[in-house]
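Student: Dumping the structure here so I can ask a few things about it.
Since every read-out is calculated from the coordinates, none of them should be taken as a lab result. The model shown is predicted, which means the values in this text are computed figures rather than measured ones. Cβ atoms come from the backbone with ideal geometry, glycine included; neighbour counts cover every protein chain shown.
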C-alpha cells in the first residue's frame, strides 16, 4: 500500500479479471438506471408519490447497502430481484393507489377533493419494496468487489453508474416511454442472473415489458422528461375541449380562449382588467403550457409574446391541439425552459409578465424537496420579474392556491418587492389573481387588499419552500423519516453483524451521510442558478460522479497528502462555499457563473472523495465498507429535510460537523481501531 514518500503503483486489471469488470460495470449501470426509472415510474403511477420521490431514492440506498452486505453471504437475492420488480410493476398497475394529501401545513397541488390510503402506510411499503428490488443489482456489484483491488472496483462501479445515468438521460431527451426502460432492465437482468435461475428472469422480464407496453399504448398517453401525460376529450367528438392530466392528477384544461373568458374562469381575464395605459407590445407568459393563456393574451392585443414552459411535451400538445392555434401565430415565440432561468438569461423588457398557473406535481429530483417552480416564487425571482418590466409595465400571477395563507404570502411578497399594495382578486376554491404595476398609478384595483391574518414571510432562494407554512415540522415527514431509519438500522444489524464489528468503518458511515447531504445542497444551488430543468438535474448528478471518479483516479495515480491535510481542505472549501452566497452569482454572465458555481460546489466533493478513497483502499472488507458508507447516505438523505427549517445554506454547517465526526472516528486518531 502506498505511503507518503513512496511511489504509487496503479493496479492493473488482469485479463482474467475482464469478466469481473464487465459484470461489475453492467450491474452498476443497471443499479443506477433502475433507481432513476423507479423514481420516475412510481411517481407517475402512485398519485402524489412524485412529491415524495426522495423516499424512493432512500429505499434505493437501503437496497444497495443490503445488496453489498448480502454479497458477503452464501445465499443470494439476485434471482428474486426481477421477480419482485415484476410483482411491483404489476401490482401498481393493477391496483392504483392515490396518496391522500389533504391538509394545510404543506400544500400539494391536486384535485380539490383528495382521497386515498394514508401516506404513512404507503410510503414505508414503497420504501421496503424498492429496497428489496435494488438489493439484487447491488449484490451483483458487491460480489465483484473482492475480485479486484478496492479502488479499482470502486472505479468501475463509478463508470457503470455514469453509463446508467447517461443512458437514462438520453432516453429522457427522446421522451422514451416506460416500455423502453422495461426492455433495458429486463435484458440486463437476463444477462446478470445466474444460468440456473435465468428462466425466472425471462418470465419476470416478459411480465414487466408486457405491463409497461399496455401502459405505453393506452390512448392519449405520452411521456415527457417530467411526467406521464394523459389527454382526454371533455366532450366526445369535440376536440376543442381537452383535459390534460399529469401523473394521474388534472393539470390543465385546453379550451377556446373566448370560452375561457366568457364562461370559463374569471382569473384569466382579471390581470387585463387591473392594468391601464399598458400597450402590451411585449408580453412574457411563464407557464404557457398548452397555450390557453397565450391565446387569451393575443385576443387582448399583445403584439409579441414570449411563451415559456418547462415541459416540452405539454407545449407540443398545445401546438398540435390548441383550438386557437396560438403557437402557430407569428406573434408568439416558444421557449422550452425554466421560467427563472429564462428571466436570468434575457435583457428584454416587458409590458406584462404573467406567471400563469405554473404549479408542478413533482420534485426537481429524488434528492431534494424542491419542486419545479420553487425558485420561481422567491422574493429574488419576483425582483427579477420587476426588473424586466418597462416603466409602465405590470406583473401578475394566478392559480388555484388552495389556502388563504398562500394567497396572503404571495401578495405580501409582491408588496415587498414593488413597494406598494397589489390588486388581489379572489374567487371560489381559493383561486386568486395578484396583479401589481411598477407605477401604482397604472393599476386599478376593484377593492383595497387586506390580508386575512398574519402574513408569512416571502420564500427566499435559501428557503424556497413556498408551500410550507412553516409553523412546525410536518408530522408526516417525522414519522416517515423515523420509519426509514428504523428499517435501515434493523437491516444493517441483521446483515452486517454486531455494531461493534462495524466500528472500524464508522468514519465511512459519516462520510456517506455528509456526502449525500452535500450533493443535495448542490442540486438545490444549481437549480436556483441554472433552472430546475431535467437536463440541469441530470448534468449535476453526472458531474458529481465524474468528480468522484476523478478523486478515485487521483488517489490511484498520485501521492496525495495525509488525511489530516485533506480534511483541512474539506473544511476550508466548505467555509468558502458557505461564505459565498449563491445569489451573488446570479448577476454574472452564464459562463463565469458556471465556472464559479462548479468550483464552489465540486471542490468539497472532490476533496471529500479523496478522503474516502484513501480510507476505502485500506478496507479489509470492501463490501462491508461500501455498504456502511451507503447506509450513512440514508441518514444524509433524511437530514436534508432539515432545510425546511434551516435553509440550504446552513446545511453546509451540518455537513462540516459530520465530516468532523468522520475525521475524529477514523482509525489511528481515536479510541476506535480496526
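Student: How much of the pair distance distribution for the chain lies past 43 Å, counting alpha-carbon pairs only, in percent?
Tutor: The share of Cα pairs beyond 43 Å in the chain comes to 26 percent.
Student: In nm, to one decimal, how far is the residue 213 label point from the residue 599 one, both placed 7 Å along Cα→Cβ?
Tutor: Label-label distance for residue 213 and residue 599, simple model: 5.4 nm.
Student: Ok, one more. Which of 420, 48, 335, 304 comes first, and how do the rest follow, when ranked by fewest Cβ neighbours within 10 Å?
Tutor: 420, 304, 335, 48
Student: What percent does the relative contact order of the range 279-334 come to when contacts are Cα pairs within less than 8 Å and at least six residues apart?
Tutor: Normalised by residue count, the contact order of the range 279-334 is 40 percent.
Student: Could you tell me the ratio Rg/Rh of the range 365-446? Both radii from Cα atoms, Rh via Kirkwood.
Tutor: 1.00
Student: For the residues 185, 657, 92, what sequence is obtained by ranking on other C-beta atoms within 10 Å, fewest first?
Tutor: 657, 92, 185
Student: A further question follows. How far is helix 404-418 tilted off the main Cα axis of the chain, in degrees rounded to 10, range 0 to 90?
Tutor: The two axes meet at around 80 degrees.
Student: While we're looking at this one, here's another question. Among 413, 303, which comes first, then next, by fewest other beta-carbon atoms within 10 Å?
Tutor: If I rank by nearby Cβ atoms, fewest first, I get 303, 413.
Student: Rounded, prolate or oblate: pick one for the range 153-216, where a ≥ b ≥ c are the square roots of the eigenvalues of its C-alpha gyration tensor, a/c under 1.5 means rounded, and failing that, prolate if a/b is larger than b/c, else oblate.
Tutor: Because a/c hits 1.5 or more and a/b fails to exceed b/c, the range 153-216 counts as oblate.
Student: For a label point 7 angstrom out from the Cα of residue 348 toward its Cβ, which stretches of the range 518-534 have the backbone nitrogen within less than 20 Å?
Tutor: The answer is 530-533.
Student: I'd like the distance separating the alpha-carbon centroids of the range 397-472 and the range 287-302, in whole Å.
Tutor: If we compute the Cα centre of each part, the gap is 23 Å.
Student: Going by average Cβ neighbours within 10 Å, how do the peptides 37-47, 208-218 rank, with the highest at the top?
Tutor: Highest to lowest by the protection proxy: 37-47, 208-218.
Student: Note the full-extension length gain between residue 259 and residue 416 as 0.36 nm times their separation in residues minus their Cα-Cα distance, in nm to one decimal.
Tutor: Here the segment from residue 259 to residue 416 would lengthen by 53.0 nm.
Student: Next question. So what are the radius of gyration and Dmax for the Cα set of the range 499-647, in Å?
Tutor: 16.0, 53
Student: If only Cα atoms are counted, what is the Rg of the range 328-408, and what is its Dmax, in Å?
Tutor: Using the Cα atoms of the range 328-408, the pair Rg, Dmax is 14.1, 42 Å.
Student: Measure nothing but the geometry: give the 0 to 90° angle between the long axis through the Cα atoms of 590-616 and the longest principal axis through the Cα atoms of the chain, rounded to 10°.
Tutor: 20
Student: If you wrap a convex hull around the alpha carbons of the range 553-626, what volume per residue comes out, as a whole number of Å³?
Tutor: 113
Student: Provide the gained length on full extension for the span residue 583 to residue 620, in nm with one decimal, where the gain is 0.36 nm per separating residue minus the Cα-Cα distance.
Tutor: That works out to 8.9 nm of additional length.
Student: May I pose another question? Using label points projected 7 Å from each Cα along Cα→Cβ, tell me how many nm separate residue 546 and residue 590, to one decimal.
Tutor: Label-label distance for residue 546 and residue 590, simple model: 1.6 nm.
Student: Give me the mean projected area, in nm² to one decimal, of the convex hull enclosing the Cα positions of the range 471-548.
Tutor: The Cα convex hull of the range 471-548, projected and averaged over all directions, gives 7.8 nm².
Student: Stick to Cα atoms and the Kirkwood definition of Rh, then tell me Rg/Rh for the range 119-244.
Tutor: Ratio of gyration radius to Kirkwood radius: 1.08.
Student: Moving to a separate point now. Return the distance in nm (one decimal) between the two label points of a simple spin-label model at residue 191 and residue 277, each offset 7 Å from Cα along Cα→Cβ.
Tutor: 6.9
Student: Follow-up. How big is the range 354-506 by Rg and Dmax over its Cα atoms, in Å?
Tutor: Here Rg and the maximum Cα pair distance are 21.6, 73 Å.
Student: Then there's this: In whole angstrom, note down how far apart the Cα centers of the range 493-547 and the range 638-662 are.
Tutor: 12
Student: For the range 422-523, what D do you get in µm² per second when you plug the Kirkwood radius from alpha-carbon pairs into Stokes-Einstein at 20 °C and 1.002 mPa s?
Tutor: The calculation lands on 111 µm²/s.
Student: Kirkwood hydrodynamic radius (Cα pairs, Å) of the range 194-263?
Tutor: About 15.0 Å, per the Kirkwood formula over Cα pairs.
Student: Continuing with this model, one more query. Helix 622-639 versus the longest principal axis of the chain: what angle, 0 to 90°, nearest 10, using Cα atoms?
Tutor: 30
Student: Where the convex hull is taken over the Cα atoms of the range 594-656, what is its projected area averaged over directions, in nm²?
Tutor: Projected area, direction-averaged: 5.2 nm².
Student: I'd like the per residue volume of the convex hull spanned by the Cα atoms of the range 260-374, given in cubic angstrom.
Tutor: It is 115 Å³ per residue.
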